[in-house]
């Protein structure tokens with residue numbers, strides 16, 4: 001099996017940013033996805049250039065902070081100050097929100113990242129919010145238009161017939177919370193391997209250094225540092241090798257897709 005380990009939330013806080021850089025350079029993380037509208041965004045981009053990081057994706061965010069788009073253009077996603085209304089609102093209202101608003105905000109976040117010199121390699125969605133029923137149509141339109149590989153957007157709806165860009169055979173969100181241990185990591189990998197031992201898979205991760213800044217913006221806090229410790233484990237790379245699991249990036253998914261189609 002070929003495995004992508006993606007670190008979500010690059011740009012959310014400085015403690016997250018430094019942890020992700022460390023996990024990419026010295027650990028198991030093979031890619032990360034950037035949030036373009038957070039307090040730590042500029043720090044993340046500075047670190048990206050400083051360390052010449054590759055395999056940076058866009059973490060399309062429609063739940064946290066201030067939107068990139070003009071609030072008048074996405075009125076069902078934001079309040080009067082242009083701040084996102086949150087995931088709970090989207091879960092309740094997703095069927096009635098025009099998916100074109102998701103497309104527009106995703107595209108504007110994409111353009112914002114490009115304007116800051118980020119060479120984007122793939123895309124996904126913060127809190128899986130852009131994968132909600134109906135809203136997924138705007139995300140898929142965006143992904144198809146920019147032509148970048150994406151995390152599997154079938155988190156709620158298994159239909160991927162309209163998606164025209166590469167994705168993995170499997171995705172797992174289970175390396176999280178109670179599974180933020182070496183045993184939980186191994187269990188997640190073995191579950192994926194059992195289903196498609198010769199396929200491709202992605203797992204998400206949330207490495208961070210825990211501090212007061214993180215406490216202020218996320219409910220998932222101390223567990224992130226536990227994840228970081230796992231991802232920096234000197235023995236897990238050998239364990240992956242012993243299981244026949246190779247680490248890849250979304251660039252490899254692109255090549256596989258091109259060869260297949």
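What follows draws every value from the coordinates through simple rules; no lab data is involved. Keep in mind that this is a model prediction, so the values were computed, not measured. Here Cβ is always computed from backbone atoms with ideal geometry, including for glycine, and neighbour counts include all displayed protein chains.
The table that follows gives values for the structure above.
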| quantity | calculated |
| --- | --- |
| Contact order relative to length of the stretch 2-260, as percent, for alpha carbon pairs under 8 angstrom and 6 or more apart | 25 |
| Where Rh is the Kirkwood radius over Cα pairs, Rg/Rh for the stretch 66-220 | 0.98 |
| Alpha-carbon Debye profile of the chain, log10 I(q)/I(0) at 0.16 Å⁻¹ | -1.25 |
| Bins of 10 Å, starting at 0 and running to the largest distance - Cα pair percent for the stretch 100-189 | 16, 43, 28, 13, 0 |
| The chain, helix-only ellipticity at 222 nm - DSSP H runs n ≥ 4, -39,500 (n - 2.57), divided by all residues, nearest 500 | -12500 deg cm²/dmol |
| Residues 220, 210, 103, sorted so that the one with the fewest Cβ neighbours within 10 Å comes first | 220, 210, 103 |
| Relative exposure of 151, 237, 87, judged by other C-beta atoms within 10 Å (fewest first) | 237, 87, 151 |
| Per-residue Cβ neighbour rank within 10 angstrom, fewest leading, 43, 124, 70 | 70, 43, 124 |
| Overall form of the stretch 134-261 per C-alpha gyration tensor (a/c, 1.5; a/b vs b/c) | oblate |
| Percent of Cα-Cα distances greater than 19 Å, calculated over the stretch 167-225 | 38 |
| Spatial separation of Cα centroids for the stretch 176-236 and the stretch 1-16, in angstrom | 10 |
| Helix 41-50 vs. the chain, principal-axis angle (Cα, 0 to 90°, nearest 10) | 40 |
| The stretch 1-85, Rg to Rh (Cα coordinates; Rh as Kirkwood inverse mean 1/r) | 1.06 |
| Degrees between helix 14-26 axis and first principal axis of the chain (Cα, 0 to 90, nearest 10) | 40 |
| Helix 99-115 vs. the chain, principal-axis angle (Cα, 0 to 90°, nearest 10) | 70 |
